[in-house]
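The values are calculated or read from the model by the stated rules, or taken from the named source; none is laboratory data. From a predicted model like this one, the values you see are computed outputs, not experimental measurements. FYI the Cβ positions are ideal-geometry reconstructions off the backbone, even for glycines, and counts take in every protein chain you see.
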Amino acid sequence: MMRAWVPPMLLALSGSAVAAGELFQGSPATAAALLLAFLALAGVTSPLIFPKSIAAQEAQRRSAADGRPIVFWRPGCMYCIWLRIRLGRSARQLHWVNIWRDPAGAAAVKAVNDGNETVPTVMVAGQPHTNPDPAWVRGQFSSSV
């Protein structure tokens, strides 16, 4: 779990260092803007923007019951972040599996992506779709509910 926080922590620390340098050079406005930009990037790359993850087995059980897609993701993945942001509020109703926290989820992703942990991988009715278009995912979700 700790490795999920490494990129956001590095962004926050880097932003603090860059902002401190600007502040010492007499540019407080630039320092504040840079610090805010780095902190925003740290927030976006953190696991906090994703819905609560569940185990792959639980996601498969729930998906079989309600027909909603399963999204396999990992923290720091820009494609996962893009998908999450583009899905908006409806993302919370999908089943999210963090492959860094769930070995069965990582194995499921590797099984359908030639041994690679390529995410986001979305499972719809048992069919894998690697890095799908967010509009397509939204369409699959709306048709399953």
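Scanning region 66-84 turns up no residue that is surrounded by 20 or more Cβ atoms within 10 Å (Cβ to Cβ), in contact with a Ser or Thr (Cβ under 9 Å, 6 or more places away or on another chain), of a type in the set (Phe, Trp, Tyr) and outside the structural domain of residue 120 (by TED's automatic domain parsing).
Mind checking which residues of region 91-145 are hydrophobic (A, V, I, L, M, F, W, C) and assigned to a helix (DSSP H, G or I)? First the steps, then the outcome.
Residues of region 91-145 that are hydrophobic (A, V, I, L, M, F, W, C), as a first pass: 91, 94, 96-97, 99-100, 104, 106-109, 111-112, 119, 122-125, 135-137, 141, 145.
Once the filter is applied, which keeps residues that are hydrophobic (A, V, I, L, M, F, W, C) and assigned to a helix (DSSP H, G or I), region 91-145 yields 91, 104, 106, 107, 108, 109, 111, 112, 135, 136, 137, 141.
Look at (1) at pLDDT below 95; (2) under 15 Å from the mean Cα position of the chain (by Cα) and you find that residue 68 fails only one, number (2). Screening residue 5 against (1) closer than 26 Å to residue 100 by Cα; (2) without any contact (Cβ under 8 Å) to a residue 60 or more places away in the chain leaves a single unmet condition, (2). Scanning region 121-143 for residues that are of a type outside the set (D, E, K, R), closer than 19 Å to residue 62 by Cα and surrounded by 15 or more Cβ atoms within 10 Å (Cβ to Cβ) yields a total of 9. Of all the criteria given as (1) of a type outside the set (D, E, K, R); (2) surrounded by 14 or more Cβ atoms within 10 Å (Cβ to Cβ); (3) outside the structural domain of residue 14 (by TED's automatic domain parsing); (4) closer than 30 Å to residue 16 by Cβ, the one not satisfied by residue 44 is (3). Just to be sure, is residue 72 on the phi < 0 side of the Ramachandran plot and not in a helix (DSSP H, G or I)? In short, yes.
Just for region 74-96: of the residues that are of a type in the set (A, V, I, L, M, F, W, C) and touching a strand residue (DSSP E or B) at 6+ places or on another chain (Cβ under 6 Å), which one is farthest from residue 127 (Cα to Cα)? Here the answer is 80. In this entry, residue 31 is excluded by the filter for residues that are within 22 Å of the chain's Cα centre (by Cα), outside the structural domain of residue 98 (by TED's automatic domain parsing) and assigned to a helix (DSSP H, G or I).
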